Structure formats: structure tokens, C-alpha cells
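S.K.: Sharing a structure below in C-alpha cells format, with a few things to ask.
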Amino acid sequence: VSLKNYRIFRRLLVLAILLAGTPLKAGPFSVEDRTFNAFGHPYPSVTVEENRLFHVGNSIFRDNWVRAPSTTKVRDGLGPTFNANTCSACHELDGRGEGAAKLGFPSASLLFRIENIPGYGGQLNPLSIDGVPPEVVPNVEHALVPGLYADGTPYELRRPIYTFSQWLYGAPPATSRISPRVGQQVIGVGLLERIPADEIEAQADPDDKNQDGISGRTIQVLNLRTGQIQLGRFGWKSEQPTVEQQSAGALVGDIGVTNPLFPEENCPAPQVECQNAINGGAPEADERVLSRLVFYMTHLAVPTRRDPESAEFLEGEKVFQRIGCASCHTPSYQIDGNAIYPYTDMLLHDMGAELADRDLGGNALPTEWRTPPLWGIGLIHVVNKHTNLLHDGRARGVAEAVLWHGGEGERAREAFRSLSQLERDRLVKFVNSL
Amino acid sequence: MKWLVVLILPLAAQAASANTHDAIIAYSKTAYAKYGEALMDAQMLKSAIDQFIADPTEANLIVARSAWLTSRASYSPTEVYRLYGGPIDGENGPEGALNSWPLDEAYIDYVDGDANAGFIQHPDRLPTIAAGPLRDLNEKDGEKNIATGYHAIEFMLWGQDLYADSAGRRPATDYTTAPFADRRKAYLSVLADMIVADLQFVTDAWNPQNPNSYYQTFTNPAREQESLKNILTGVANLSGFELSQERMFTPLDNMSQEDEHSCFSDNTHNDFIYDVKGMANVLRGGIIDLVRETDEDVALELEEALAKAEKAMAAIPVPFDQAITENSPGRPFVMKGVESLEALSEATKQAAVVLGLEIPKPE
């Protein structure tokens, strides 16, 4: 054996070991990373050129916007009023915000959509650039709601209570509605966008003709880019049709950065200081910047499911199917001949009065919520150091999220409450492995 | 006999444990030395700033600027010790306070188009200019108001670079007759104190004499594979991500004159050169030798990729802000730099495979 031959042999061996340790199930859209960066990868199938564009978008997503005027012209235009000065403040490491976990002045990841409060626009902005006053001071408190599983095991849910002070342009009238929203993990949104609309619509059963108690429906929303009405897919209530529109809406609404889809600053009358503030160009994020951001978002890979052939996974999956979770959390679709596993039907469902609130963007009812995808949720605690779920982060983990289900989800929730401890644990473990 | 050992232990990285340990020791001692140099130059910068504040003349401003450039040249080579959660950017690491970017100019002081901007000129926004309040502002929840570190000092020494043919031209009178001159002095002085303190923290962490330092953890033989992985991760991600993508391709794509890290001083090209110098310190300081023991070809590829990157950095036209603008003849040179660093990252990952390691990608 010559040294040269040995080297080739050893390289092959190293390759074989690496391959053996990497099951070839990741496919072109998913990654095996289980670390804090599990949500931050491009599709493994991207080219060198695509990888570069992905990183430009990453820079736009991660780095802070600064006040105008600045010599860093690409990145100026923060505010005048805002919730955060980066995308990553609310989607840290492309993950999920902690929402209402923090008491007092809320974490940046929690924002408030509003309806019928003249002078504030569509969303409250408690932060602002210097010289422009912030709109309001929100405050978070918690109430604990006790409950019992059927086997007598007690649990306690955490219900956030929101109060507001220092309304700068007048207190809200009685008809107003304030809806908290947390930033979700942004993995796989490019895949959700590619699920054919007819496959989503085929799952809808608005009149519950099959009488299974589940009556998901779709809504149609305006695509600002094309001027067409099309299927709503993104946002907590399917109010946005595309990743681009969702991202552009967040740019202007959350960071105060105008862009081709939303060219107007969020400075409704009578916010004079806001209207008179120096802006960072018209628009502040141009077509190229928006396109890079969208490229980034739509090429973010999803983590593979953890060990889907294990006995544990299969046991949990049985419970998931049996108690009816899969009625809305549709496990799988095909994209380009590859299976993806988002566990959502992308439909709006009545989730009961407890969670009901309002969103101006679309025409969903207060009780309706779009089934959120479940992929990656078991890694949120690794990426974001918390396990908070639902639209304002009130649920501390999967079990509490299930226990908050009402409306069409009530039957599945009651089935969950009636499970044995063993089966509850199996279900939670299963969901956390998706 | 050697032949037998090689056959028995197919993963040669394990066979070469003594050499791995030596390479890790060499790396750690170099880290200590390089942070020591950065600290010393930061202290020199602090002295030059003190002198300027005591006597704010144009001449002393030039001396302070020159001290900043020197301090940058010794800080940049330490960037290779980033990106794996070591002392500089681990849980309590000061990287964000030292080197954050982009700086929020209008948050700090007057800017072109807003003569009245910034907390310098609005004492109500920041009544006390001191390290504590500035640290709080720098990474407040939901807001990263970048207002500390090298680039903040750079802004206070040069001002905005509004010119094609020079760096920023902040006049010394900003520190004498201009309104709020005293607050500018106070801010500049605190900024210099802060980088000295932060570099002291990192230098202490790498001190081999300190029995409780990170150095001891990092060089612990039980942690050998992890430390080796960290070393290669720093090189692979600094070249393949931070430098090539974040700092070179992104401005190339944005085509915006000041979308560069050392924008006020027009010193970005040196950041590249000295960052690669830091990578060379690591790779030629024992890593390439270690790889050569198990795979001469891969070691050679790594050496060649490093040499190409060094050459490509030196060829990037100065100033960088003019090289990235639309239709600039400098763009192909910057692109070559991007490609050379991507190749260096790939060669480093290949070396990691040879050593039986897998390199995690950066955030």
C-alpha cells in the first residue's frame, strides 16, 4: 500500500463515514442542523450565485436599519415610528419571538394590530426616531387559568392581559379592537407559497359537508403586485397572498421602511412630527432590496423531521391522527416531486372565542386563524431559547397550545385532555420532532 | 511500523493527537498575542484621543486618525477568532459593542441633511455620556442603536464620507468652537475607554498564565476535537460568510458607496487585507502542517487558496467605496476577492473533512 493509495483510501473512508452519518432524506429543501442556527440555512440545492444573493438578503434581514439621512443609503429610513429596527429583532436567527412572555413593556417581537382607532394607522408603534413621539406605551400582565386533564392532573394556562397608556392622539373608542401578534419562524415560507392553490382549496369544507366538525375555508385577498385577487396564505389570518407582500408589509408596518408595494410612511393624520421627519428615499427599500429580502425568505430551508422512522415517532403519529390533529395539520405535500412536511392545510378555522381577535389585512372572522405550520417548532427552544406558541406567545409549549384550541379545534383538544399522561407525552414529543 | 499504525487507525486525526494538541496550543498563544497587540494599539489610540481632547488641533486630529488606522490593523487580524462562540462573541462577548455595523450616524451627531441630529446635540436624549448608558443603547431590545466601538470612533474622527476623492473631513472645530464640543469630547473619550476595556476582557480570556481563563478550556486535551473544529470554523466562516458575502458581495450587489464597514475613513480595503492576515496566522501557524500529515494534497490546496486570497485582497482598488459603484472598473477585482475567499472557505472545509470534522454554518 503506497502512501498515495492510502490517502485515497482514507478520503473515501471519511466520505463513507460522513455519508453514513447523514441519512439521505434531507432532499433539496431541508437541512439536518439541530443547533441554534437550525433555521438559518439556504436550500441545500442553491447554486454559488444563489448563495450570494441569499447572503445579501440575509444582510438585509439581519442588520439594523438606521435613521435617515445616513451615508449608508441602502440601509437608512428607519421609522419615523416603528416596532423594531431589524427583521431579526422579531425573528431572531430566523426564528420566533418570545411574544407576551415578558411582563411590562413588551418585547419587540410582540406588536399590536388595531382597528377603529383614528390617528394610529393599522398598527401601534411604541418606538420612534428622535424628535418624533412614540404613539403609545403598551404593557403586558399575566393571568393564570387553572384546568384539569381528565386523569386529574392539573395544568395552568397563561392568559396575557394587555393595557395601554399615554395614547398620544387620544384614547381608543369603545368600538376599537387591539390584536397582539408575535413574529413567527420564517423557515420554509417559499415552500408554502408553492403549494398549488387548488390543493389548498380542495381541503376546504366551509359548510362542513362531511360533518367532521371541521370546516376550514380560504379567503381571497388583493395581490398588490399584480392587482389580482388571489388565495390568502400568509399572516396569522391568511391576510397576505405572497411572501413578498407579507415581507413588504412588515418592512413598512414594523420597521417604518417604505418599499415598492407600500410607498407611504405609516404617519396618519394628525401625526405631524412623523409626517415631517426626514425619510430615507422614496421608497426607502427599492425593488432590488425588496427582491433580495424576498429571495432570502423564499430560500430558507426547513429542518428535517427528527427520526421519522423511530418507534417513538410512529407511536406519536398514531395519537396525532387518532385525536384529529391531522384534520387541519395536513402532514405533507409534494413540491417538484419532493415531499415536504409542513403539517398545515393553509386554511382558516374557527378557533373559538378565547383566542378571537381581529386583523384588518384580510376578511377573516375574529375567531378564525390560519392553521400554522408545525415544522421546526421543536427546535424553537434551541434557536430562540423559549417554547412560546400561538399568535401572541401565550402558550408555553405544545401542550398549552393544544389546550388553547377551541371552536373547530375543541374536539381535538378534549380528546387530548382525555389522553393518558403517556399518550400526551407521546403526542407532544411527536409534534416537537416535526 | 508507522505504516501499521496508519492502517490500524484509519482516521489519522486521532493518530496525530500530539500534533493536534501542539497546533491548538500554537493557535491559542497566537490569539493571546494578537489580542495583546490590538489592546496595546487601542491604548495608544486612547492616548492619542486624550491628547487631541486636551488640545483639539487639526494636527492632533490627524495623529488620532493615524492611531485609529493602526489600531484597526491590529484588531482586524483577531477577527479569525470569531464565529464559534469564543471569548469575543460568546455569551458575554464584546464583539457587538466593539465592531457593530452599520453605525446609526444621525442617532449620534449631525449629518448631511440634518444639522440638528443626534444625542450629542440633544442632552435630553442622553444626559450622561458614559459607558453604562451607551452599552444599554447599543443593543436595546428591538433596537440596535449602534453607537459604540471602532466605527463610532471612526465617525467621530472623520465624520461622514461625502466625497469621491477623500475620506470624511470632520473639522477639529467640532471639538472647539462648534456647539456641543464638550459632549463630543466626552463621547470620544468614553468610546476609547470602552474598546480598551473590551479588548482587555478578551485578552485576559486568552491569557495562558491565568488558571481560570478560556485558554485553559480551549487547550484542554479532552476538548481537542471541539477546539480544532472551532479553529477551522473561524477561518471557514470568516472567509466564506462574513468577508466574502456580508462585507464584499453585499456592497458589490448594493452598489451603494458607503455600504462598507470602514466607510468614514475609507479604510475598508485594509480590513480585508488584515482579516486575511489573521487567517494566514492561523493556517500557517500549525493547521496546514497538521493537515499535511494526513493529506499533502489538501494541505497544498489550502496553502494555494490562502495565497490566492492574499493576492486578491491586495489587488482590490482603493478606496473600496469607489470600486463597488455601478460600472466601476474596480468591480471585477472585488468579485475576484469574493471568489478567492469562497475558495479559501471550501479548502478549509475540505481540510476539516480530512481531520474528521464537520464545520457548522454561520447564522
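Just so it is clear, none of the values below were taken in a lab; they were calculated from the coordinates. Bear in mind the structure is a predicted one, so any value in this text is a computation, not a measurement. Neighbour counts run over all protein chains shown; Cβ positions are idealised from the backbone, glycine included.
S.K.: What are the residues whose amide H is under 5 Å from the amide H of residue B:328, where those residues sit 5 or more places off or on another chain and H is modelled from the backbone?
M.R.: none
S.K.: Relative to a virtual label point 7 Å from the Cα of residue A:269 in the Cα→beta-carbon direction, which members of region A:106-129 show backbone nitrogen distances below 12 Å?
M.R.: So the set is A:119.
S.K.: Still on this structure: At q = 0.13 Å⁻¹, what log₁₀ I(q)/I(0) does region B:209-253 have when each alpha carbon counts as one equal point scatterer in the Debye sum?
M.R.: -0.45
S.K.: Right, next: Given N residues in region A:115-202, what is its alpha carbon radius of gyration divided by 2.2 N^0.38 Å?
M.R.: Computed over Cα atoms of region A:115-202, the ratio equals 1.64.
S.K.: Considering only A:337, A:421, A:356, whose Cα is most displaced toward the positive end of the charge dipole of region A:330-434, charges sitting on Cβ of Lys, Arg (+1) and Asp, Glu (-1)?
M.R.: Of the listed residues, the answer is A:421.
S.K.: Write down the percent of antiparallel bridges among all DSSP beta bridges whose residues are both part of the protein assembly as shown, to the nearest 5.
M.R.: Approximately 95 percent, going by the DSSP bridge assignments.
S.K.: Continuing with this model, one more query. By per-residue mean of other Cβ atoms within 10 Å, what is the highest-first order of A:280-287, A:50-57, B:322-329?
M.R.: Top of the packing list down: A:50-57, A:280-287, B:322-329.
S.K.: Also, I was wondering about something else. By DSSP, what percent of the beta bridges with both residues in chain A are antiparallel, rounded to the nearest 5?
M.R.: If I count the DSSP bridges inside chain A, around 90 percent turn out antiparallel.
S.K.: Using helices alone, I'd like the mean residue ellipticity at 222 nm for chain B: each DSSP H run of four-plus residues gives -39500 (n - 2.57), total over residue count, nearest 500.
M.R.: After summing the helix terms and dividing by residue count, I get -18000 deg cm²/dmol.
S.K.: Shielding of A:51-59 by partners, i.e. mean partner chain Cβ atoms within 10 Å per residue?
M.R.: The mean count of partner-chain Cβ atoms within 10 Å per residue comes to 6.
S.K.: Can you find, among A:157, A:171, A:182, the residue sitting farthest towards the positive end of the charge dipole of region A:103-244, where Lys and Arg contribute +1 and Asp and Glu -1 at Cβ?
M.R.: Looking along the dipole axis, the top candidate is A:171.
S.K.: Using the number of other C-beta atoms within 10 angstrom as an exposure proxy, rank A:385, B:361 with the fewest first.
M.R.: A:385, B:361
S.K.: If you plug each phi of region B:93-108 into the Karplus form 6.51 cos²θ - 1.76 cosθ + 1.60 with θ = phi - 60°, what whole-Hz ³J(HN,Hα) values come out, in order, with x for Gly and Pro?
M.R.: Result, rounded to whole Hz: x, x, 3, x, 6, 7, 9, 5, 7, x, 6, 8, 4, 5, 6, 9.
S.K.: Further question: Across region B:296-337, how large is the tail of the calculated P(r) beyond 13 Å, expressed as a percent of all Cα pairs?
M.R.: 54 percent
S.K.: Now a separate question. Hey, got the dipole for chain B? About the Cα centre, +1 on K and R Cβ, -1 on D and E Cβ, debye to the nearest 20?
M.R.: Computed about the Cα centre, the dipole is about 780 debye.
S.K.: Now for a separate question. Let me see the P(r) profile for the protein assembly as shown: every Cα-Cα distance counted, bins of 20 Å, each bin given as a percent of all pairs.
M.R.: 15, 45, 33, 7, 0
S.K.: Past the 31 Å Cα-Cα mark, which pairs from B:29/B:361; A:237/A:429; A:209/A:429; B:185/B:277; A:385/B:46; A:318/B:229?
M.R.: A:209/A:429; B:185/B:277; A:385/B:46; A:318/B:229
S.K.: Also, I was wondering about something else. Using modelled amide H (1.01 Å from N, peptide plane; none on Pro or chain starts), what sits under 5 Å from the amide H of residue A:107, excluding residues fewer than 5 places away?
M.R.: So residue A:107 has HN proximity to A:102.
S.K.: Let me check I've understood the local charge: for residue A:272, count other residues with C-beta under 15 angstrom from its C-beta, Lys and Arg +1, Asp and Glu -1. What total comes out?
M.R.: Overall, the nearby charge balance is -3.
S.K.: A further question follows. Output the Cα-based Rg and Dmax of chain B in Å, rounding Rg to one decimal and Dmax to a whole number.
M.R.: Expressed in Å, the Cα Rg and Dmax of chain B come to 21.9, 79.
S.K.: Let me ask something else about it. Based on the alpha-carbon gyration tensor of region B:46-117, what equivalent-ellipsoid semi-axes (square roots of 5 times the eigenvalues) come out, in whole Å, largest first?
M.R.: Values for region B:46-117, descending: 28, 20, 10 Å.
S.K.: Another question, if that's okay. Per DSSP helix of 4 or more residues, -39500 (n - 2.57); summed, then divided by the residues of chain A. What does that give at 222 nm, rounded to the nearest 500?
M.R.: After summing the helix terms and dividing by residue count, I get -7500 deg cm²/dmol.
S.K.: Run the quick spin-label model on residue A:287 and residue B:223: label points 7 Å from Cα toward the beta carbon, then report their separation in nm to one decimal.
M.R.: 5.2 nm
S.K.: A further question follows. Please list the non-local residues whose amide H lies under 5 Å from the amide H of residue A:142, H modeled 1.01 Å from N, same-chain partners needing a gap of 5 or more.
M.R.: When sequence neighbours closer than 5 places are left aside, the close amide H contacts are A:161.
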